[in-house]
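Undergrad: This is the structure I want to talk about, given as structure tokens.
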Amino acid sequence: MTDKKRIDIREVINQGLLAGLVALSLSVIGFISLLGEREMIAGIFTMGHVFLFAAPVGIASVLAEKIKHENTGKVLGFGFLIGVITALPLIVLIILATSFDIRQFLVNVSPELIHLLTFGQNLVVGSIMLVVITGILSLLAAGLRLLPEIWRRPITSGLAWTLLFGTFSEILLSRVRAFFGRGVAKLVFSGKALNPITALLILIIAAAIAYWNVTKRSKSEQKEVEVSPEKQQKSQRIRVVVGIISLLILPLLLGTYLSEVMNNVGIYVLMGLGLNIVVGFAGLLDLGYVAFFAIGAYVMGILTSEGHLGLGFTFWTALPFSVLASTLFGILLGIPVLRMRGDYLAIVTLGFGEIIRILALSDMLKQFIGGAQGVLQIPKPSIFGYDLTKPEALYYIILIGVLIAAFVSWRLRDSRLGRQWMALREDETVAEAMGINLVNTKLLAFATGAAFSGLAGAIFASKLTSIFPHSFNLIVSINVLSLIIVGGIGSLPGVVVGALILVGLPELLREFAEHRLLMYGALLIVMMLAKPEGFWPSETIKRELHAHKEFEAGSSD
Amino acid sequence: MALLEVNNIHAYYGNIQALRGISLTVEKGEIVSLIGANGAGKTTILRCISRLVGLREGSITLDGEDLSKSKAHELVYKGIAMVPEGRGVFAKLTVEENLEMGAFSRDDQDGIDNDLDRVFSLFERLKERRNQVAGTLSGGEQQMLATGRALMARPSLMLMDEPSMGLAPILVEGIFDTIKEINAEGTTILLVEQNATMALQVANRGYVLQTGEIVLDDTAENLQKNEMVQKAYLGID
Amino acid sequence: MLKRSFIIVGLLVIASMALAACGGPTFECEDPIGCVTYGADEPIRIASALVISGPNTDLGTDSQYGVEIAIDFKGEIMGHAIELQAEDDGCSAEGGQSAGQKIVSDPTIVAVVGTSCSGAGVPMSEVVSEAGYAMVSPSNTSPALTDPESAWNPGYLRTAHNDKVQGKAMADFAYNVLGVTSAAAIHDGDPYTEGLAAVFAASFEELGGTIVEFTAVNKGDTDMRPVLSAVAAAGPPELLYYPVFTAEGGFLTKQAKEVSGLEGTVLSAADGMISDAAIEAVGEAGEGMYFSGPDLSFSGGLYEDFIAKYEEKYGAKPISVFHAHAFDAANMIFACIEEVAMQDGDSIHIGRQALRTCLYATSGFEGITGELTCNEYGDCADPKISVSQLNGGAYERIWP
Amino acid sequence: MLRRLQDINVLDLVLWVFRAVIIIVVVWGTIATIIENPYPAVTWTETIIAGIAQGSLYALIAIGYTLVYGVLFMINFAHGEFFMSGIMTATIFLAQPMGESGFLDTYPFISILLITVVTVLVSVGIALLTERVAYRPLRKAPRLVPLITAIGASFFWQNFIRGLYGSEVKPFPQMAIMAGKVSIAGFPILKSHIVVIVATILMLIGLYVFVMKTKTGKSIRAVAENKDVAALMGIDVDRAVSTTFALGSAMAGIAGILYAFVFRQVHFYMGFIPGIKAFTAAVLGGIGSIPGAALGGLFLGMFESVGPGLFLEGLGIPAPHQLKDVIAFTMLVLILIFRPQGILGERLAEEKA
């Protein structure tokens, strides 16, 4: 344990090649060139460059951390070497692409990619530039590790914030434009990207704040501040109040589009809260959760539509029916799977989800629920004659739904039923032996989960004003399952965090367009490897996971 | 030099410390018994030695060779075989296949065939059922199978975890007779047993374990006479 | 500590934003739903909302190229450059709504070219209309979108043909030109496909033919033999019409040749399968097959210039069908901007209602796709449907 | 006690109603179809053969699922991508150029051999990489965690391959030796279907012999039962798991080749749905059981092919083939209500569920 890992030159070469392969892969799948069109800092670099250099810089940094106790020259040298080696596979690609037509096999090895890789220069000059630039960037990354924290932290923090602002510059641009007018927007941004001067400013401010934090913390370490429990309670209460107020005024700050994004997140939060009961609390793996969402949406759609299918209900009169219908289906679909376990349950529920979707799509039911043409002309909810058409207004409906669902979940978790669910999750047989009625407990979990999902579906239908069967495919179920696990299974705030990451973030990163699912997949893997308990884990699950970690046996490394 | 030397090992399950500085030795040709109550850490010691559980501190050496860097599947190549707790036969494999798995580390087909005959002569019952799936065997037969399977590796040291557990008393005697027989043929044995009476009868030496620590170690004879051992483990008041 | 600095930086940003800016234009807008003002050397901003991700990428990208070329050709309007904000409609209702909300959250955008897919068009036309914007779709063909009884919204127009036209034209071709009297139709559950197949079937029966089977497969299906066998058993029909997309269309075409009873059946599909990829996918099995679609045999110098520019700019022949429709859509918008924009010193003001009114009043507009005249519900296409045949690995226009 | 009895009775009642409804619909539909007799015999044979061929593909993919499940108890959601990636690569780099140059028809067997080698190498390579990076570190984590990484891996590979080769449908050239039909007992059957069925049977026998008779096969079974004890026997568990992944993905890769022979076009998305179907087939047959997976695959293929025509046509339901997945999943539920462990599955021990 204690002996320091020695890193020899072979390992450095391997790591460099690894970085090179990552960069090469990102290049040949068109990731780099697609993002190459998206400037981060106007005229200086694009998002494509960020991803191109991410691998060597990251790996050099990690490696440097491991060997930073050794001499400076070695650390810097190794860093530089990693960068140089990274460039080699890319140079091979450049040579291949310029001498053969490899595009007939690999469609994304486009001239734009080669242009980006060679910085617009010819083969030789471009390759040399590539080697030098990756080398120097990796060297700097390695060098950063050698700096004392008081310098390192401000620099990394400044860079991170600049990149963050650059990434979201389009959103920021629209916000700045909305609040300060186009004049200011033009001052801060060039096109959609950050102006170099703005970028520099952000870097300096963020670095200064980080510096201030570092120095302050080293001071505050000397005098530990005691916080009395009353004070803590009070600050907790203040935090809750501030939280609620900021939730209430959020749409005013966010504007139309971001409110729309928040609404999408909110609908997923509602579904996530429901599935969290089924999977997180009761441990029943449900892969067809979208079925209840669909049922809620379709009931709302049919009841309220102003088209030929509709029955003329209003949003508010239809809402109870939507929720009720999904709940009933939750119980109905729950019954045949009561005796199934684990993966059998998973595939059967997945089947249910598909059955509902296909039936919605089918010609068989077309005359009742619209088939492929969907249900159109669904009115938006209205309150006192005021139509909630704008996302900013709809936000409050969703917020209320989420708060109710969160409150119910929270109360259920600590209730008798909640403890029965936990017991069920731990061990079904033991739970049964303890006198827990498995049938009721399981059906209640399915019913509650379905009710939340039905509510989400009802709001979804009304928000979208038209529903099509394609909106209810398997990906939705997978998305909801992933978001509760990424957030931290069984944890209520985790659902919100998960939804923000998996639903909100991709909305904002529309540049990634066709690579969104690739990023999503990679994120899920990395996330599970690094933080299997999720971003905001519930306490019990965290404990369990750590027990598992410590259990590590000698047989697997 | 002792065949097996366990030196001051600490092991944890989660944050719970299961072993607190265990040291013990097993000499070549011995039968050493580890006795102790449920949860005292007996099984954990065997799992540490066989590398199924990681160590936080301490060392384990076999014939002077450090084992702490080895992986579980390498140990059998170094001469350690284990009869795991609950027997751990492969229920869906046949008796013969189970025994073949015991000889997984070996390539000498002739030698394996010989040893197969030897195991079958040691346990006649297994021979009758050689093509039967192991899950259908009785508890005693499964114990025979697990023991025979360990023998198939031709180990120099055999770790046995609770061989008598869940068996009828008549069978228990048979098992301990077999243990003696195996030992007589030259295999060193480290035995973990709750049935302290039997364990100390066959053993040369013994260790008494309490809540992760060794509280007594002596020859089997002396331990049998020890008042505390008699009270706590032998059921003699 | 990262959390702390996050909060601080976040607060700084929010606080600075909250200090909402003051000042405004001196111009008085009299338009009932608002005006867009572009100051000196500010570009006129239009948005596109086309499918530029997912399996239908080609459809949207091609249209986007059409818009980009329109911008290049136009250069500037009244001294203002034109800037395109490209959004993705995701070819889904959710995607359409998100894209729509994103567009209407930007008050500097004057009009939209989009959407690609009808499913995205339904919610988006509502969002866009409500916010007072105007949109012209190059490729929505669903009848619902311009049906005032259904999903029509003021502010929605399109240069693409209505499915009713294509389905009818195909039925006409089959019955009157090919002389077949029995047919079967297969759709794949896509609203576009289903609508087209349904119109075809209805029109064909109206003409006096019989539809022996109207059935469906699913997207993602590979083994079409059972459904094709059922079709063969029901007729076999003289003509099989499956207006689906490349993947399923490829399977249907190849397997139809292998199913007993369908050897003599004429195969036909629609514009979802007019692409180089589709030619490759159907391979030899597709020889002699018919494809209905918008008439792309455009002529005139404008189209030649367009294609030349397209090839120069994107290094390829057009990758899908609706680039010209998109080009026309953009130009319709430009023409109306020019008509309604009010010069005010270096600035210009565009009344949103005025722009809409102008668009709906478009009449006899000379575009690549023909002479565009909008009706009161925004159908502007000069609907020329043609049928091509796949001959020697290339589409050959044979009708009309 | 009484209350519990009541609950179970009600539950049983509902389940019986469930079963009865499905069975009545199926039987009624079948009888109606038979009376109506809409199809000639040739349609039935074609449909059945197509079902067997499709079922064979499902079986081959399902075996990979079941092997991995048997060893790791994890749902390897990415398995469909192993199936897709190999044949995609071979199509782009081998089959298409060879088809254009005519090599494919001049040397058909060499071509098939080359395609097989490349396909299997790529499929196995991707499977091993995925196992090493995304699954192995999580072997001791709770079961949902590797499920999520598997879903992640599925999305990742799907879109990676799409990025590499593009999103269009890629035609796989028709091979002359596989074109056309042969007549067996008076019924014309596609040559490619025969190839698929024969190849599947051979692969299944080969795999069965490997797993049951060879030392490696036995060691895999031992690892499946108990990893710790297997390690004590000297079996390198990591290697056994890798071998299992390699075996499963090789089967999937070969399924990909057979798919290309029958359907003659490949696509980056082609693995996702067969992956889910194979998972269904594995569960239908009893997950963890190799013969079960084969049988489940066959059942599923048959239900999908024959089911719509047989069960629904007679009921006068429009576009019955649209509902083939509904039939497949309903049959799954029906079978699992009768036998919760699948057709050939053993009752799962508690700790595995």
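The values are calculated or read from the model by the stated rules, or taken from the named source; none is laboratory data. What you see is a predicted model; the values in this text were computed from it and never measured. Here the Cβ positions follow ideal geometry from the backbone for every residue, glycine too, while neighbour counts run over all protein chains shown. SASA here: full protein model, heavy atoms, side chains in, ligands and nucleic acids out. Shrake-Rupley method; radii C 1.70, N 1.55, O 1.52, S 1.80 Å.
Undergrad: Could you tell me whether segment C:269-285 includes any residue that is among the hydroxyl-bearing types (Ser, Thr, Tyr) and more than 10 Å from chain D (Cβ to nearest Cβ)?
TA: no
Undergrad: Return yes or no: is C:Leu178 more than 13 Å from every other protein chain (Cβ to nearest Cβ), over 26 Å from C:Ile398 (Cα atoms) and at pLDDT 90 or above?
TA: The answer is no for C:Leu178.
Undergrad: Now for a separate question. Taking segment A:42-90, which residues are free of Cβ contacts under 8 Å to residues at least 40 places away in the same chain and of a type in the set (Lys, Arg)?
TA: Of everything in segment A:42-90, just one residue is free of Cβ contacts under 8 Å to residues at least 40 places away in the same chain and of a type in the set (Lys, Arg), namely A:Lys74.
Undergrad: Tally up the residues in segment D:77-91 that are in contact with a helix residue (DSSP H, G or I) (Cβ under 6 Å, 6 or more places away or on another chain), part of a helix (DSSP H, G or I) and open to solvent by less than 10 Å² (accessible area, probe 1.4 Å), please.
TA: Residues in segment D:77-91 being in contact with a helix residue (DSSP H, G or I) (Cβ under 6 Å, 6 or more places away or on another chain), part of a helix (DSSP H, G or I) and open to solvent by less than 10 Å² (accessible area, probe 1.4 Å): 10 in total.
Undergrad: Against the definition (away from chain D (no Cβ under 14 Å) and surrounded by fewer than 22 Cβ atoms within 10 Å (Cβ to Cβ)), how does A:Pro336 come out, yes or no?
TA: Values: away from chain D (no Cβ under 14 Å): no; surrounded by fewer than 22 Cβ atoms within 10 Å (Cβ to Cβ): yes.
Answer is no for this residue.
Undergrad: Hey, another quick one. Going by the structure shown, is C:Ala256 more than 9 Å from every other protein chain (Cβ to nearest Cβ) and either open to solvent by less than 10 Å² (accessible area, probe 1.4 Å) or closer than 21 Å to D:Leu323 by Cα (or both)?
TA: Yes; evaluated as a whole, the condition is true for this residue.
Undergrad: For B:Ser50, indicate whether it is without any contact (Cβ under 8 Å) to a residue 60 or more places away in the chain, within 14 Å of chain A (Cβ to nearest Cβ) and among the polar types (S, T, N, Q).
TA: Working: without any contact (Cβ under 8 Å) to a residue 60 or more places away in the chain: no; within 14 Å of chain A (Cβ to nearest Cβ): yes; among the polar types (S, T, N, Q): yes.
Criteria not met by B:Ser50.
Undergrad: Inspect segment D:147-160 for any residue being at pLDDT below 90 and either surrounded by fewer than 21 Cβ atoms within 10 Å (Cβ to Cβ) or on the phi > 0 side of the Ramachandran plot (or both) and give the result as yes or no.
TA: Checking segment D:147-160: not a single residue is at pLDDT below 90 and either surrounded by fewer than 21 Cβ atoms within 10 Å (Cβ to Cβ) or on the phi > 0 side of the Ramachandran plot (or both).
Undergrad: On the given criteria, is C:Ala361 over 23 Å from C:His80 (Cα atoms), open to solvent by 20 Å² or more (accessible area, probe 1.4 Å) and among the aliphatic types (A, V, I, L, M)?
TA: Numbers: over 23 Å from C:His80 (Cα atoms): yes; open to solvent by 20 Å² or more (accessible area, probe 1.4 Å): yes; among the aliphatic types (A, V, I, L, M): yes.
Here the answer is yes, as C:Ala361 does meet what is asked.
Undergrad: Next question. Specify the residue that is surrounded by the fewest Cβ atoms within 10 Å (Cβ to Cβ); the eligible residues are those in segment A:248-291 that are farther than 20 Å from A:Gly418 by Cβ and more than 14 Å from chain C (Cβ to nearest Cβ).
TA: A:Leu248
Undergrad: I'm told C:Leu252 meets every condition in (1) within 28 Å of the chain's Cα centre (by Cα); (2) assigned to a loop (DSSP other than H, G, I, E, B) except one. Can you identify the failing condition by its number?
TA: Unmet for C:Leu252, out of (1) within 28 Å of the chain's Cα centre (by Cα); (2) assigned to a loop (DSSP other than H, G, I, E, B): (2).
Undergrad: Output the residues belonging to segment C:224-238 that are in contact with a Leu (Cβ under 8 Å, 6 or more places away or on another chain) and either closer than 16 Å to D:Leu190 by Cβ or surrounded by 24 or more Cβ atoms within 10 Å (Cβ to Cβ) (or both).
TA: C:Met224, C:Leu228, C:Val231, C:Ala232
Undergrad: Additional query: Residue by residue through segment C:309-346, note down the ones that are open to solvent by less than 30 Å² (accessible area, probe 1.4 Å) and more than 22 Å from the chain's Cα centre (by Cα).
TA: Across segment C:309-346, the qualifying residues are C:Val340, C:Ala341.
Undergrad: A further question follows. Is it true that some residue in segment B:117-125 is out of contact with any Ser or Thr (no Cβ under 6 Å at 6 or more places or on another chain), facing chain D (nearest Cβ under 10 Å), assigned to a helix (DSSP H, G or I) and open to solvent by less than 30 Å² (accessible area, probe 1.4 Å)?
TA: Of all residues in segment B:117-125, those out of contact with any Ser or Thr (no Cβ under 6 Å at 6 or more places or on another chain) come to B:117-125.
Filter again for facing chain D (nearest Cβ under 10 Å), leaving none.
No, every residue in segment B:117-125 fails to be out of contact with any Ser or Thr (no Cβ under 6 Å at 6 or more places or on another chain), facing chain D (nearest Cβ under 10 Å), assigned to a helix (DSSP H, G or I) and open to solvent by less than 30 Å² (accessible area, probe 1.4 Å).
Undergrad: Give the residues of segment C:48-86 that are surrounded by fewer than 24 Cβ atoms within 10 Å (Cβ to Cβ) and either among the charged types (D, E, K, R) or under 18 Å from A:Ile171 (Cα atoms) (or both), sorted by residue number.
TA: C:Asp58, C:Glu68, C:Asp72, C:Lys74, C:Glu76, C:Glu83, C:Leu84, C:Gln85, C:Ala86
Undergrad: Inside segment C:68-172, counting only helices (runs of 4 or more DSSP H) that do not spill past its ends, which hold 1 or more residues that are more than 30 Å from C:Phe204 (Cβ to Cβ) and among the charged types (D, E, K, R)? Steps first, please.
TA: Values: elements: C:93-104, C:118-130, C:163-172.
In segment C:68-172, C:93-104, C:118-130 are the helices (runs of 4 or more DSSP H) which contain 1 or more residues that are more than 30 Å from C:Phe204 (Cβ to Cβ) and among the charged types (D, E, K, R).
Undergrad: Looking at (1) over 16 Å from the mean Cα position of the chain (by Cα); (2) open to solvent by 10 Å² or more (accessible area, probe 1.4 Å), find the lone condition where A:Pro493 falls short.
TA: The single condition A:Pro493 does not satisfy is (1).
Undergrad: Could you please find all residues in segment C:359-377 being in a loop (DSSP other than H, G, I, E, B) and over 23 Å from C:Gly272 (Cβ atoms)? Talk me through it step by step, then tell me what you get.
TA: Step one: filter segment C:359-377 for residues in a loop (DSSP other than H, G, I, E, B), giving C:361-364, C:368-369, C:373-377.
Hits for segment C:359-377 are C:Ala361, C:Thr362, C:Ser363, C:Gly364, C:Thr373, C:Cys374, C:Asn375, C:Glu376, C:Tyr377.
Undergrad: Now, a different point. Restricting the search to segment A:414-442, which residues are in a helix (DSSP H, G or I), open to solvent by 30 Å² or more (accessible area, probe 1.4 Å) and either within 14 Å of chain D (Cβ to nearest Cβ) or touching a residue at least 12 places away in the same chain (Cβ under 8 Å) (or both)? Steps first, please.
TA: Quick first cut of segment A:414-442, residues in a helix (DSSP H, G or I) only: A:416-426, A:428-433, A:438-442.
From what is left, the residues that are open to solvent by 30 Å² or more (accessible area, probe 1.4 Å) are A:416-417, A:419-420, A:422, A:425-426, A:428-430, A:432-433, A:440.
If the condition is that a residue be in a helix (DSSP H, G or I), open to solvent by 30 Å² or more (accessible area, probe 1.4 Å) and either within 14 Å of chain D (Cβ to nearest Cβ) or touching a residue at least 12 places away in the same chain (Cβ under 8 Å) (or both), then A:Leu417, A:Gln420, A:Met422, A:Arg425, A:Glu426, A:Glu428, A:Thr429, A:Val430, A:Glu432, A:Ala433, A:Asn440 are the ones that fit.
Undergrad: Just name the residue that is modelled with the highest pLDDT out of those in segment A:199-234 that are in a helix (DSSP H, G or I) and exposed (fewer than 10 other Cβ atoms within 10 Å of the Cβ).
TA: Looking at residues that are in a helix (DSSP H, G or I) and exposed (fewer than 10 other Cβ atoms within 10 Å of the Cβ), I get A:Glu230.
Undergrad: Give me the residue from segment D:320-342 that is open to solvent by 10 Å² or more (accessible area, probe 1.4 Å), modelled with pLDDT of 85 or more and hydrophobic (A, V, I, L, M, F, W, C) and, out of that set, farthest from C:His187 (Cα to Cα).
TA: Result: D:Ile335.
Undergrad: How about segment B:133-165: which of its residues are surrounded by fewer than 23 Cβ atoms within 10 Å (Cβ to Cβ) and among the acidic types (Asp, Glu)?
TA: Within segment B:133-165, B:Glu141, B:Glu162 qualify.
Undergrad: For segment C:270-282, check the following and say yes or no: at least one residue is in contact (Cβ under 8 Å) with a residue 40 or more places away in the chain, open to solvent by less than 10 Å² (accessible area, probe 1.4 Å) and outside any helix (DSSP H, G or I).
TA: yes
Undergrad: List, please: which pairs have Cβ atoms under 8 Å, are six or more places apart or on different chains, and start with a residue in segment A:154-183 that is assigned by TED's automatic domain parsing to the domain that holds A:Val57 and of a type outside the set (S, T, N, Q) and end with one that is assigned to a helix (DSSP H, G or I) and surrounded by fewer than 21 Cβ atoms within 10 Å (Cβ to Cβ)?
TA: Note: no pairs meet the criteria.
Undergrad: Follow-up. Just to be sure before I move on: is C:Ile211 under 30 Å from the mean Cα position of the chain (by Cα), surrounded by fewer than 23 Cβ atoms within 10 Å (Cβ to Cβ) and in a strand (DSSP E or B) in the structure I sent? Explain how you work it out, then say what you get.
TA: Numbers: under 30 Å from the mean Cα position of the chain (by Cα): yes; surrounded by fewer than 23 Cβ atoms within 10 Å (Cβ to Cβ): yes; in a strand (DSSP E or B): yes.
Yes: the conditions hold for C:Ile211.
Undergrad: Which numbered condition trips up A:Arg237, out of (1) open to solvent by less than 80 Å² (accessible area, probe 1.4 Å); (2) at pLDDT 80 or above; (3) away from every other protein chain (no Cβ under 11 Å)?
TA: Just one mismatch for A:Arg237, condition (1).
Undergrad: Moving to a separate point now. I need a count of the residues in segment D:252-274 that are away from chain A (no Cβ under 11 Å) and either within 27 Å of D:Gly29 (Cβ to Cβ) or among the small types (Gly, Ala, Ser) (or both).
TA: Going through segment D:252-274 one residue at a time, the tally reaches 7.
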